[in-house]
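Single-structure report; data block below.
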Amino acid sequence: MLQIIRIHNELLGTYGDRGNADVLQFRAGLRDIKAKVIDVSYLDPLPKSGDIYLLGGAEDAAQLLSLTALRKGSILAHAANKGAVVLAICAGFQIIGTNYSTRDQENAGLGLLDVTTTPGDRRLVGDIAVQSPLFTVPMTGFENHSSVTTLGQDVQEFGTVITGNGNGVAGIDGAISNNIFGTYLHGPVLARNPEFADLLLERALGEALPTVIDELADHYAHWRRNVARRNVAKSSI
Ligand code: GLN
């Protein structure tokens, strides 16, 4: 049974990223792979045995509360070191970085990704499309953040921004290291990009997934490929 750990949705649920867990469970089910979604509140310790850990976006105060709770026991770092998959969106991405500062205070992050987040000078809101080397089709989503994120030596970007802002510097979005993925794409990103969900499942299982006939996802991928090709206006994503 694949264990999908949805972390602190009561804090990291502002942008609907909770749907990422449901998409993973659904797409595992398409292959007859049993998967369970486990919600963990910030009042409780994280399970150590998760296969996939998910963090979503949040407002600043909730984000700090979540970070403080996750520092206890360093369970997420241990799980990631053992190869568990981590997908962290926006505030979640900032939380798992090395450092996350707001205008009021500087915070050590969980240190899973070598990235540093600092306050930006405006809010970055709108549709976003990103071309990642991991996929033949662009990933799409929406973003809503004010901080900007700079990558260190030990990570690669998730992708190059086609439309939107992403990290807010260098025309890139997100960061990847082994099975740890950070990105600014809300959506939920896995609902909008089923290929990404399948990649995370493959990483968690350590093997290729059987191909499924999924006409809807194929049709959708075709549409997104055209979005990138024409580099259409934001409103069309
Ligand atoms: N509060 C953070 C920022 O504005 C994260 C926002 C979010 O998760 N959407 O950068």
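Read-outs throughout are calculated quantities, based only on the coordinates presented, and are distinct from any laboratory measurement. These figures come from a predicted structure and were not determined experimentally. Note: ideal-geometry Cβ built from the backbone for every residue, glycine included; neighbour counts use all protein chains shown.
What is the log10 of I(q)/I(0) for region 1-60, computed with the Debye formula using one identical point scatterer on each Cα and no solvent, at q = 0.24 Å⁻¹?
Relative scattering, expressed as log10 I(q)/I(0), comes to -0.94.
Going by how many other beta carbons lie within 10 Å of each one, how would you line up 220, 53, fewest first?
Working: 220 17, 53 29.
Final ranking by Cβ density, sparse to dense: 220, 53.
222 nm [θ] for the chain, helices only, -39500 (n - 2.57) per DSSP H run of 4+, per residue, to 500?
On the way: 7 runs with 67 residues, N = 237.
-8000 deg cm²/dmol, from helical runs alone.
Quick one: Karplus J couplings for region 164-175, per residue in order, coefficients 6.51, -1.76, 1.60, θ = phi - 60°, nearest Hz, x for Gly and Pro?
Each residue's phi maps through the Karplus curve to give x, 10, x, 5, x, 9, 6, x, 10, 10, x, 7 Hz.
Can you compute the radius of gyration and Dmax for region 85-194, using only the Cα atoms, both in Å?
Looking at region 85-194, its Cα Rg and Dmax stand at 12.6, 41 Å.
Let me test this: with uniform point scatterers at the alpha carbons of region 1-104, what is the Debye-based log₁₀ I(q)/I(0) at q = 0.14, 0.17, 0.20 1/Å?
Listed by q, the Debye log ratios stand at -0.50, -0.73, -0.99.
Taking 0.36 nm per residue of sequence separation and subtracting the Cα-Cα distance, how much length would be gained by fully extending the chain between residue 1 and residue 36, in nm to one decimal?
Working: separation 35, 0.36 × 35 = 12.60 nm, distance 0.69 nm.
Contour length minus Cα-Cα distance gives 11.9 nm.
First select every other residue whose beta carbon is under 14 angstrom from the beta carbon of residue 39; then total the charges, Lys and Arg +1, Asp and Glu -1. If you can, show how the numbers build up before the last one.
On the way: positive: 6, 18, 36; negative: 10, 17, 22, 44.
Value of the local net charge: -1.
Translational diffusion coefficient, Stokes-Einstein: compute it for region 33-82 using the Kirkwood radius over C-alpha pairs as Rh, at 37 °C and 0.692 mPa s, and state it as an integer in µm² s⁻¹.
On the way: Rh = 12.1 Å.
After rounding, the answer is 272 µm²/s.
Using Stokes-Einstein with the Kirkwood hydrodynamic radius over Cα pairs, what translational diffusion coefficient do you get for region 44-122 at 4 °C and a viscosity of 1.567 mPa s, in µm²/s rounded to a whole number? Can you show the working numbers first?
Details: Rh = 12.7 Å.
So the translational diffusion coefficient is about 102 µm²/s.
As a footprinting exposure proxy, order 211, 150 by other Cβ within 10 Å, with the fewest listed first.
Details: 211 8, 150 17.
Final ranking by Cβ density, sparse to dense: 211, 150.
Could you line up 216, 200, 12, 209 from fewest to most neighbouring Cβ atoms inside 10 Å? Could the numbers behind the result be given before it?
Values: 216 8, 200 24, 12 28, 209 16.
In order of increasing Cβ crowding within 10 Å: 216, 209, 200, 12.
Give me the mean projected area, in nm² to one decimal, of the convex hull enclosing the Cα positions of the chain. Could the numbers behind the result be given before it?
Numbers: hull surface 47.1 nm².
With the hull built on Cα positions only, its mean projection is 11.8 nm².
Near the amide H of residue 2, under 5 Å away, which other amide H atoms are found, from residues 5 or more places off or on another chain, if H is placed in the peptide plane?
34, 35, 36
Work out, step by step, the length gained on full extension between residue 146 and residue 208: first 0.36 nm times the residue separation, then minus their alpha carbon distance; give nm to one decimal.
Value of the extension gain: 18.6 nm.
What nm distance separates the two modelled labels at residue 169 and residue 18, each placed 7 Å from Cα along Cα→Cβ?
3.4 nm
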